[in-house]
Each structure stands twice: as C-alpha cells, then as structure tokens.
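The values are calculated or read from the model by the stated rules, or taken from the named source; none is laboratory data. Worth saying up front: this structure is predicted, and the values here are computed from it rather than measured. Every residue, glycine as well, gets a Cβ built from its backbone with ideal geometry; the counts of neighbours run over all protein chains shown. Protein only, heavy atoms only, side chains kept; ligands, DNA and RNA dropped before computing areas. Shrake-Rupley method; radii C 1.70, N 1.55, O 1.52, S 1.80 Å.
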Amino acid sequence: MTAHQHCINPNCGKTFGIEEIHHACPNCGELLDVEYDWDRIQLPKNLRQFENYWVERSNPYRLSGVWRFHDLLPFLPMNRCVTIGEGQTFLQQAKRVAPFTGLNADRLFLQYEGLNPSGSFKDNGMSAAFSHGAFVGAKRAACASTGNTSASLAIYSACTNLMQSVIFIGSGKIAYGKLSQALDYGAKTIQIQGDFDDAMARVQQVSKELGIYLVNSVNPFRLEGQKTIMFRVLESLRWETPDWIVVPGGNLGNSSSFGKAFIELRKLGFIEKVPRLAIINAVGANTLYRLYEQEGLRWNGGNYDKVRVQKFFDQMTADGRKASTIASAIEINRPVNLSKCLRALDFCNGIVREVTEQEILDAKAQVGTGGFGCEPASAASVAGTRKLVAEGVIEKSERVVCILTGHQLKDPNATVAYHGTDKIFFEDVLGKRGVKTAEFANHPISVPNDLDAIIRLLQ
Ligand SMILES: *Cc1c(COP(=O)(O)O)cnc(C)c1O
Ligand SMILES: [Zn+2]
C-alpha cells in the first residue's frame, strides 16, 4: 500500500494501516491524516494533465468530480471507489453579487457545491468515506448530522446498497429539506433529545460499541474527498491560485481538507502560490472565532495550547452555552476538526470572522438575486467577504472564491421567512434571532382575483 493513516500530533506521529478503523489516534487521541508515499505514486506531470481525463467521461470514475482526481487521493485502488456522480460542480463568476461584497465586479467567484447529488458539498467527502467503509467490510455506517451529512450518507446507502445508514440528529435542529432526504432515502433516523454536539458525542460511543462505521469528518478518508473541491476551483481558474478562499466554518472539516489540499499541492510542486483562507463563523456558534482571533490560539507546529482549548470547552459547559444560529449547518460549538483547522489556517495565512444572522440572511438574498441561491450557512461566506472587504483585509481587486456549501432548497423556511409578507412568521422565525429588517426582501404581492386589478398591478 502506498497510503497509511498518520497521527497529526508531532510528539506522537504513530502510523496505522489503511485497513484499520479509527476515529482518533489510539495512542494520543489526536486526529489522524491519510498520508501517501508520493515517491511510489505515479503522478501527472502537471495539473493541466487532469484535463485529459475529461474525454473519458463514459467512465464513471472520470465523470466523478472526486475520482477524476484519484491520483491525488489514492488510498484505494480505483475499482474499490464508490461513485454516484458527485462533484459535477463548477465555479462561476458572480457579477451581480460582487457589488454587495464591495469587490470589483469580475473578482467574485462562487463555487456552487449545491449541485451535488444530495445538494451539498458533503457528497465529495462521503464518496471517499463510503468507499473506505465498504472496503473494510462494514455493513452499517452512521453519522451525527445537522442535516447534510445525513442526507449524503443516506443517498450513498440507497444508491449503492453497500452499507445501511444510521443517522443521529438533535431534536428540532434540522432543516426540513435535509430531514426529508434522509427519510426518503430510507436511513434509520434517530432523534436525540439534545443538540448536534450531544448527537456527535453519542454517535462516537455507539459506533465504537456496535462496530458501525462512522462517516463524520473525524473520519480522515472523508476529508480526502473534500480536497477535490479545491482541485476543481483551481481547474476552473485554469490552474491559477485565487487570492482568497472563503468558507463557512462548522465542524471545520471543509477548511481542514482545503488546507491539506494546498499543503500537498505545494509539496508536490504543483502550485507555488497558496491562497489565503478565511473561515466564517456565525455569531451564535463562534468557537473558532473566539479561540483564534480573540485568544490567539495557533497551530504552533502541532503544539497548540490544548489546555486553553480544554478550559474554553469546560467554561462553555459550566455556562450551559449552546450553539444557536439560523445557519443550522454551522450551528456547532465543539468543532471536531479544530486542530486540523488550525494547521490549515497556519499554512494558508488564514483569518476567522463571525457574522450576524442579519448579515447571513441579507447575503443569502443577494446570492439568490444573483441566480445561485444557497442555504443560510453557505451565505456566511459571502457575508464574511463583505465584512473583510469593508475592513480592508481583502482588497477590491483581489480574486475571491466563496464556497456555496449547500443548495437553495435545503431550508425553504428561512427563505420564506425573509421574503414573506407574513409579519408574524417573520417575527417568529427571524425576530427572535435579532433580524430586524429584510433589506433585500422580494415580497409576494396579494391581489384580488380580478383581471383589472392584476393588470393595474403589472402596468
Ligand atoms: C456541513 C456544512 C457546513 C460546515 O462545514 P464543516 O466542514 O463542518 O465546517 C457548512 N455549510 C453546509 C451547507 C454544510 O452542510
Ligand atoms: Zn497520536
């Protein structure tokens, strides 16, 4: 095998075979990476060579936006990889959204990951984790989810019939678009009386106890699949590195995998310039923002201040503080990939910002007006870009890529609450969250069932 699992703690550094299943290093408890013996792997001469695979689109592995880049995540032989057509996503210039962010019109690009089979970027990672689970012979796979991971697991399970899916969700904390997918695809759905962080803790225990394969982003194979989002971004820019990648931060799997992608591309000599990474939290779920920006927590070569982190979480428990934001996909207070994310921030000269509910929803409406549409969490990237341009951290002339992580139809309640005319609905759903105005609302107009009245309205 040319791949193995490797503990990211420099004081440990233990390695494990690819056929082993771990949620953390058995020796020290840190996260594991998938690592490759690149010297023994035949790689394309340059990134442009990947375009040669386009012509083989009748081959499902070449059609897949994940496995098309198998050379850069070769932990299994290609014929053991699972694909359902994920990663057919693309980067688009967003001229109509750019003015909202303050960027010059041709400088904003949106990577629309909502176009994946289950409607979010999670399919990139699930194809990889699911492949590994099936490879090690697991019969069942589980995850805790704010919604999209479960939708993704459920669709892979239904399409392939290779592993049955079990999902753990918190009570009342899931957008209906996502829950409906899990139910429709036949996932065994377990609703825990608690929030996402509770569900996450439980699923780790249960999967260990019952030998169920865990597909949350503590799974290092999952993050391998998510690297390909960056490969496709570079491909769309004809292999030029943008100045900024802006991504919402929840469990921090995406940002961690982006960092790993750039670490590897740089090490292999495929790129010279590394983009800066901006991770955007919601104010109501801002652990990373507090630790990184306010307390100055840094990766520090892997020797980050674990005591400080533990203190932070102990205080959170003591205060009974729970994550709360309308951007349910990032409503997470105990991000499992914190350490890997610190590494990504370190390598990509990264920064973290937090945005309010108002800023998220206004940005979401603008993304919609621009013809994309996304769920609330995704819009945090655009709201964060606006904030960073206003601060002068991002210059108007810089090329910025925002990741639209999930599809517009995932959470219609939030959208209708923002645009609707029903005052009570607005106040009920949004007022409690401190949203006062819907600046970009597109109110439906009520009219009698009368031809003249309708014509008058439209004249
Ligand atoms: C999962 C998810 C996120 C958060 O990504 P992390 O990798 O957990 O930080 C953001 N947006 C959407 C739509 C998601 O589904
Ligand atoms: Zn270790």
(Q) Taking the condition of being assigned to a helix (DSSP H, G or I), closer than 25 Å to residue 387 by Cβ and β-branched (Val, Ile, Thr), how many residues in region 400-458 meet it? (A) 2
Q: Taking only region 1-12 into account, find how many residues are hydrophobic (A, V, I, L, M, F, W, C), surrounded by fewer than 17 Cβ atoms within 10 Å (Cβ to Cβ) and more than 10 Å from ligand 2 (Cβ to nearest atom).
A: 1
Q | Residue in region 158-169 that is open to solvent by less than 10 Å² (accessible area, probe 1.4 Å), outside any strand (DSSP E or B) and in contact (Cβ under 8 Å) with a residue 60 or more places away in the chain present | A | no
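Considering each residue of region 318-332, count those that are surrounded by 12 or more Cβ atoms within 10 Å (Cβ to Cβ) and within 17 Å of residue 193 (Cα to Cα), and give that number. Before the answer, list the steps.
Pass one, region 318-332, residues surrounded by 12 or more Cβ atoms within 10 Å (Cβ to Cβ): 321-332.
Checking the rest, the ones that are also within 17 Å of residue 193 (Cα to Cα) come to 321-324, 328, 331-332.
Qualifying residue count for the region: 7.
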Q | Within region 80-101, tally of residues that are closer than 14 Å to residue 126 by Cα and under 16 Å from the mean Cα position of the chain (by Cα) | A | 2
Q) Got at least one residue in region 120-127 being open to solvent by 30 Å² or more (accessible area, probe 1.4 Å), touching a residue at least 12 places away in the same chain (Cβ under 8 Å) and not in a loop (DSSP other than H, G, I, E, B)? A) no
Q) Consider residue 87 against the criteria (1) open to solvent by 60 Å² or more (accessible area, probe 1.4 Å); (2) in a loop (DSSP other than H, G, I, E, B): it satisfies all of them except one. Which criterion is unmet? A) (1)
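Can you tell me which of 277, 291 is under 14 Å from residue 350 (Cβ atoms) and either in a strand (DSSP E or B) or open to solvent by 10 Å² or more (accessible area, probe 1.4 Å) (or both)? Spell out the reasoning first.
On the way: 291 fails: either in a strand (DSSP E or B) or open to solvent by 10 Å² or more (accessible area, probe 1.4 Å) (or both).
None of the others qualify; the one that does is 277.
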Q. What pairs come up if the first residue lies in region 335-346 and is hydrophobic (A, V, I, L, M, F, W, C), the second is at pLDDT 95 or above and in a helix (DSSP H, G or I), and their beta carbons are under 6 Å apart, counting only those six or more places apart or on different chains?
A. 341/255; 341/256; 344/255; 344/256; 344/259
Q. Has region 13-31 got at least one residue that is open to solvent by less than 20 Å² (accessible area, probe 1.4 Å), in contact (Cβ under 8 Å) with a residue 40 or more places away in the chain and within 16 Å of ligand 1 (Cβ to nearest atom)?
A. yes
Q.
Out of everything in region 400-459 that is touching a helix residue (DSSP H, G or I) at 6+ places or on another chain (Cβ under 6 Å) and either among the basic types (Lys, Arg) or open to solvent by 80 Å² or more (accessible area, probe 1.4 Å) (or both), what residue ends up being nearest to residue 328 (Cα to Cα)?
A. 410
**Q.** Residue selected from region 327-354 under the condition part of a loop (DSSP other than H, G, I, E, B), within 16 Å of the chain's Cα centre (by Cα) and more than 16 Å from ligand 2 (Cβ to nearest atom), by the criterion nearest to residue 374 (Cα to Cα)
**A.** 327
Q. For region 96-111, does any single residue satisfy the condition of being part of a strand (DSSP E or B) and within 16 Å of ligand 1 (Cβ to nearest atom)?
A. yes
Q: Output yes when any residue across region 131-145 is away from ligand 2 (no atom under 16 Å from the Cβ), part of a helix (DSSP H, G or I) and touching a Cys at 6+ places or on another chain (Cβ under 6 Å), and no when none is.
A: yes
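Could we say that residue 375 is in contact (Cβ under 8 Å) with a residue 60 or more places away in the chain and loosely packed, with under 13 Cβ neighbours inside 10 Å here?
Details: in contact (Cβ under 8 Å) with a residue 60 or more places away in the chain: yes; loosely packed, with under 13 Cβ neighbours inside 10 Å: no.
No.
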Q.
Tell me yes or no: at least one residue of region 32-45 is open to solvent by less than 30 Å² (accessible area, probe 1.4 Å), under 27 Å from the mean Cα position of the chain (by Cα), within 10 Å of ligand 2 (Cβ to nearest atom) and farther than 26 Å from residue 83 by Cα.
A. no
